[in-house]
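To keep things clear, I will list the structure first and then write my remarks on it.
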Amino acid sequence: MGNKIRVISPGRVNLLGEHVDKNEGKVLPAAIDRAINLSAETRSDSILKVKALDLGESVEIDLTHLDKKLDSMGNPLPSWAHYPAGVAWSLQSGGFAVKGAEVEFTSDIPMGAGLSSSAAVEVAFAVLWQAMSGWPMDRLTLSQFCQKAEVEYAGVNCGLMDQFACANGVDGHAVLLDTRSLEFKPVPLPKNTALVIADSAVRRSLQTSAYNDRVIDCQIAVAAAQKRNPSVHSLRDVSVAEMEAMKSQLSDGVYRHARHVVGEIERVDLAIRCLELGDSITFGKIMFDTHASLRDLYEVSCPELDILVEIASGFSGCIGARLTGAGFGGCTVNMVEQSKADEFVQYLTDNYLQKTSLKASVFITHASRGAYVE
Ligand code: GLA
């Protein structure tokens with residue numbers, strides 16, 4: 001029998017800086033107290049057996065044959081298994097050996113809800129293999145290997161935010177990450193506030209292709225900006241005024257999608273100044289502004305998310321609310337006065353049910369530490 005290792009790897013919520021991590025903007029996510037709970041027993045060979053207990057599925061993978069995305073019998077890997085296999089493949093491509101293990105995991109992170117359940121799985125396996133082999137690796141690098149797995153193995157062209165947040169969360173804090181310089185720092189959340197997450201119960205199947213389409217539109221806007229100023233590298237280098245000046249040269253969709261990103265990058269700087277000054281009211285207003293921008297400009301909201309935000313805005317202890325993560329369904333994040341959080345949960349659940357006939361899952365969450373070995 002091999003050694004036993006247990007890894008806890010959290011999901012994340014993003015407070016501000018939505019859809020800017022492919023454009024070198026700053027993001028402000030927090031790891032949450034919903035997590036992947038993984039237990040492993042090491043093996044002495046290169047076979048990885050994984051049981052996804054919540055799905056009732058298992059897979060056996062030969063870690064020396066990952067390129068073709070097949071299990072050890074030659075069958076295509078189920079999509080959830082692309083995450084552990086992808087992380088092994090990504091680490092190997094960086095020269096880090098990964099060893100066989102018998103693994104099972106469960107999760108209380110809602111799946112496909114914009115809370116980074118897949119990044120949490122990736123980070124859990126990376127932390128497991130690091131614990132098994134002991135190679136030195138900082139958490140930023142570890143999250144970059146996980147991002148590479150998601151982009152190049154699982155085929156989702158995401159930014160670094162999710163894997164970074166799951167790996168680098170800090171108890172009671174959001175973590176500000178500059179996706180250009182890769183500098184990051186914990187930022188305390190406003191005192192006496194709670195983070196409440198509301199899962200709309202809506203899932204959109206076209207999320208990945210729409211995500212990629214928006215990324216391409218931003219690249220088109222960057223190319224147009226470069227014609228005016230060759231030193232532009234990303235939308236981080238474009239101001240709102242420059243965006244307005246370019247408007248007539250861009251299609252309406254490209255303009256609006258890029259305009260969201262440019263505005264959102266400015267909003268994050270403003271929001272950080274508010275936090276430093278203890279001004280949670282303006283911070284919350286910026287959250288509402290971000291939602292409007294994601295809805296009207298970036299076009300990644302949906303009626304149910306808009307209804308959740310609208311209901312939240314009518315509650316006197318709700319400081320700010322917005323969709324969180326990629327959008328197209330999933331969750332909203334709400335900053336609420338601590339003393340009114342329980343009442344808010346009930347208020348949002350009841351009113352959403354009444355307006356949509358859908359049962360939202362609304363829960364209070366706490367900013368938590370990143371993945372760890374228990
Ligand atoms: C998804 C991606 C992230 C980020 C968000 C939107 O969660 O994985 O990299 O782009 O969408 O902010």
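The values are calculated or read from the model by the stated rules, or taken from the named source; none is laboratory data. What you see is a predicted model, and the numbers here were worked out from it, not measured in a lab. Using ideal geometry, Cβ is built from the backbone for each residue, glycine included, and neighbour counts are taken over all protein chains shown. Just so you know, the surface numbers come from the protein's heavy atoms only, side chains and all, with ligands and any DNA or RNA stripped out. Shrake-Rupley method; radii C 1.70, N 1.55, O 1.52, S 1.80 Å.
Counting only DSSP beta bridges with both residues in the chain, tell me the antiparallel percent, nearest 5.
Bridges in the chain that DSSP calls antiparallel: roughly 90 percent.
Using a probe radius of 1.4 Å on heavy atoms only, what accessible surface per residue do you get for the chain? Whole Å² is fine.
41 Å²
Between region 235-252 and region 183-229, how far is it from one alpha carbon centroid to the other, in angstrom?
After rounding, the separation between the Cα centres reads 18 Å.
Tell me the mean residue ellipticity at 222 nm calculated for the chain from its helices only (DSSP H runs of n ≥ 4, each -39500 (n - 2.57), averaged over every residue, nearest 500).
It comes out at -12500 deg cm²/dmol, rounded to the nearest 500.
Rounded if a/c is under 1.5, else prolate if a/b beats b/c, else oblate: with a ≥ b ≥ c from the C-alpha gyration tensor eigenvalues square-rooted, which is region 264-374?
Because its axes are fairly even, with a/c under 1.5, region 264-374 counts as rounded.
For region 138-202, what value does the Rg/Rh ratio take when both radii are computed over Cα atoms and Rh is the Kirkwood radius, given to two decimals?
My calculation puts Rg/Rh at 1.04.
Hey, what did the chain get for relative contact order, percent, Cα under 8 Å, at least 6 apart?
24 percent
Just to check, using Stokes-Einstein with a Kirkwood Rh over alpha carbon pairs, what's the diffusion coefficient of region 60-121 at 20 °C and 1.002 mPa s in µm²/s?
168 µm²/s
Indicate the gyration tensor shape class of region 183-242 (rounded, prolate or oblate), computed on the Cα atoms with a ≥ b ≥ c the square roots of the eigenvalues: a/c under 1.5 is rounded; otherwise a/b larger than b/c is prolate and the rest oblate.
Judged from the Cα gyration tensor, region 183-242 comes out oblate (a/c at least 1.5, b/c at or above a/b).
Give me the net charge of F315's neighbourhood, meaning all other residues with Cβ under 10 Å from the Cβ of F315; Lys, Arg count +1, Asp, Glu -1.
Net charge in that neighbourhood comes out at -1.
For the Cα atoms of the chain, what angle does the longest principal axis make with the long axis of helix 117-133, in degrees from 0 to 90, nearest 10?
Taking Cα atoms only, the helix is inclined about 40 degrees.
For region 48-190, what is the charge dipole size about the Cα centre, in debye to the nearest 20, if Lys and Arg each add +1 at the Cβ and Asp and Glu each add -1 at the Cβ?
260 debye
With axes computed from alpha carbons, what is the tilt in degrees of helix 252-276 against the longest principal axis of the chain, rounded to the nearest 10 within 0 to 90?
Computed tilt is about 90 degrees.
Under the definition of Cα pairs under 8 Å and six or more residues apart, what whole-number percent is the relative contact order of region 27-186?
Rounded, it is 30 percent for region 27-186.
Compute the relative contact order of region 116-237 as a whole-number percentage, counting only Cα pairs closer than 8 Å that sit 6 or more residues apart in sequence.
Relative contact order of region 116-237: 16 percent.
Ranked from highest to lowest mean number of other Cβ atoms within 10 Å per residue, what is the order of the peptides 221-233, 172-184, 324-336?
Ranking the peptides 221-233, 172-184, 324-336 by packing returns 324-336, 172-184, 221-233.
Relative to the longest principal Cα axis of the chain, at what angle does helix 207-228 sit, 0 to 90 degrees, rounded to 10?
60 degrees
According to the square roots a ≥ b ≥ c of the eigenvalues of the Cα gyration tensor, what is the shape class of region 185-298, taking rounded for a/c under 1.5, prolate for a/b larger than b/c otherwise, and oblate for the remainder?
Oblate, since a/c reaches 1.5 and b/c is not below a/b.
Quick check: Cα centre of region 132-167 to Cα centre of region 1-19, how many Å?
11 Å
Once the other residues with Cβ under 12 Å from the Cβ of L270 are scored (Lys, Arg +1; Asp, Glu -1), what is the net sum?
Computed value for this residue: -2.
Hull surface divided by four, with the convex hull built on the Cα atoms of the chain: how many nm²?
With every direction weighted equally, the projected area is 18.9 nm².
Work out the length of the dipole vector of the chain about its Cα centre, built from +1 on the beta-carbon of each Lys and Arg and -1 on the beta-carbon of each Asp and Glu, and round it to the nearest 20 debye.
300 debye
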